[in-house]
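Before any comments, here is the structure.
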Amino acid sequence: MAVRHVLPTLLSALLLVFVVLALIARIRPITTMPALVLAVGSPYVFLGGVFGAMLAARRKQAILAVAAVVVSVVSLTVQVPWYYLGRPVDTAPHIELRVLSSNLRKGQADPAFLVALANNNADVITVAELTPEEVRRLKRAGIKKTFPYSHLLPGPGAGGVGMWSRYPLTILSVPRHRRVRMPAARLNIPGVRFDPVLASVHAYSPVAGERNTVGDWRIGMAGAKAQLRTFNRIAGPGAVIVGGDYNSTPDMRQFRDLLTDGYRDAVEQTGSGFAPTYPSDTWYPPLITIDHVLTHNAAASSVRTITVPGSDHRALLTTVQVPVDPTAS
């Protein structure tokens, strides 16, 4: 009988500790697998706090119940602004650039669907996990009819990346960094004074091949940070748009560390809501948000996710306002 009375209180206390640990994991740079799991689960841990508060209240453990409520509220407070409190900002005068970003799941994404989606909704496309076979399938599906310009670095498995564009591209020679691929090109858009820089990104996964590869992921994220600084230097007053699979959620400190020097995440800018992108090929809905579009000297005005047959990531369709002349007063 005594055990039955103690267990609810113990469970409530454990849930409280779990939420607190998740908040700490979110603040600190990720270095271990447990910290990774806690940080990635941050959008959901408030539910544990709520359940813990209910258990404590039922056992008339007032202090424990209040503490659980407080940490649940804190947990929600760090989540809600990112997904819901952003507001689109008009960058006038500007042109709207529609960006489609998609992970192709080692070249298994449906090429006909992807081409039709892009034809109707995009001006540029960035892709990850682009294989040589998928390049050929996309060409047969007619991608070059609407997107005649490209910068493609296909590779076996998950190693390939690339981009297609309605606008002429000038391929950039940029430094390479370990555990991340970020090819880039200038976009020649009529009426825009400074050519925007477009980049496609695929960062190494912290759990590649179901192994603990957090160390490799950390190297990749450090490389991504360095590459974003390079894009700033190249673009000058022009816009930078970097779309792709960062293998990182907003609750991972290393991802948020990318959002300096004027970079912003499209979802955080627009307040478009909590819309996880991975995994999209299961009976349950996607759970984590690891695909992103970052902008610099430009402003995202809308973001939505799209299920792509054959892929295990939802694609992002993002509208970006690119200033015509950012130096004009």
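The C-beta contact set for the range 4-33 (first residue within 13 Å of V74 (Cα to Cα) and free of Cβ contacts under 8 Å to residues at least 24 places away in the same chain, second residue open to solvent by less than 80 Å² (accessible area, probe 1.4 Å) and of a type outside the set (G, A, S), distance under 6 angstrom, 6+ apart or interchain) comprises L21/L38.
Matching residues to (1) assigned to a loop (DSSP other than H, G, I, E, B); (2) more than 15 Å from A158 (Cβ to Cβ); (3) of a type outside the set (K, R); (4) open to solvent by less than 20 Å² (accessible area, probe 1.4 Å):
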residue: D195; (1), (2), (3), (4): yes, yes, yes, no
residue: H202; (1), (2), (3), (4): no, no, yes, no
residue: R218; (1), (2), (3), (4): no, yes, no, no
residue: K225; (1), (2), (3), (4): no, yes, no, no
residue: N232; (1), (2), (3), (4): no, yes, yes, no
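Number of residues in the range 120-156 that are outside any strand (DSSP E or B) and either open to solvent by less than 30 Å² (accessible area, probe 1.4 Å) or of a type in the set (A, V, I, L, M) (or both) equals 13.
Here is a yes/no grid of residues against (1) open to solvent by 20 Å² or more (accessible area, probe 1.4 Å); (2) in a helix (DSSP H, G or I); (3) farther than 26 Å from T170 by Cα:
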residue: R186; (1), (2), (3): yes, no, no
residue: G238; (1), (2), (3): no, no, no
residue: V242; (1), (2), (3): no, no, no
residue: Q254; (1), (2), (3): yes, yes, yes
residue: L258; (1), (2), (3): no, no, no
residue: F274; (1), (2), (3): yes, no, yes
residue: P285; (1), (2), (3): yes, no, yes
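All but one of (1) of a type outside the set (F, W, Y); (2) under 21 Å from the mean Cα position of the chain (by Cα); (3) surrounded by fewer than 18 Cβ atoms within 10 Å (Cβ to Cβ); (4) over 30 Å from R264 (Cβ atoms) hold for A57; state the number of the condition that does not hold. Here A57 clears every test but (2). Looking only at residues of the range 307-326 that are in contact with a Lys or Arg (Cβ under 6 Å, 6 or more places away or on another chain) and at pLDDT 95 or above, we find that the one that is farthest from Y278 (Cα to Cα) is T319. The helices (runs of 4 or more DSSP H) found wholly in the range 14-119 and carrying at least 1 residues that are among the hydroxyl-bearing types (S, T, Y) occupy 42-58, 62-84.
Has the range 308-318 got at least one residue that is in contact with a helix residue (DSSP H, G or I) (Cβ under 6 Å, 6 or more places away or on another chain) and open to solvent by 20 Å² or more (accessible area, probe 1.4 Å)? Yes: one or more hits.
Mind telling me which of the residues V69, V19, V6 ends up being more than 19 Å from T289 (Cα to Cα), of a type outside the set (S, T, Y), modelled with pLDDT of 90 or more and open to solvent by 30 Å² or more (accessible area, probe 1.4 Å)? Going through V69, V19, V6 in turn, the sole match is V69. If I filter the range 204-216 down to residues being of a type in the set (D, E, K, R) and part of a helix (DSSP H, G or I), which single residue comes out as modelled with the highest pLDDT? Step by step, filter the range 204-216, then rank; the result is D216.
The values are calculated or read from the model by the stated rules, or taken from the named source; none is laboratory data. Please read these numbers as outputs of a predicted model, since none were measured by experiment. Cβ: placed from backbone, ideal geometry, glycine included. Neighbour counts: every protein chain shown. Surface accessibility is based on the protein's heavy atoms, side chains included, excluding ligands, DNA and RNA. Shrake-Rupley method; radii C 1.70, N 1.55, O 1.52, S 1.80 Å.
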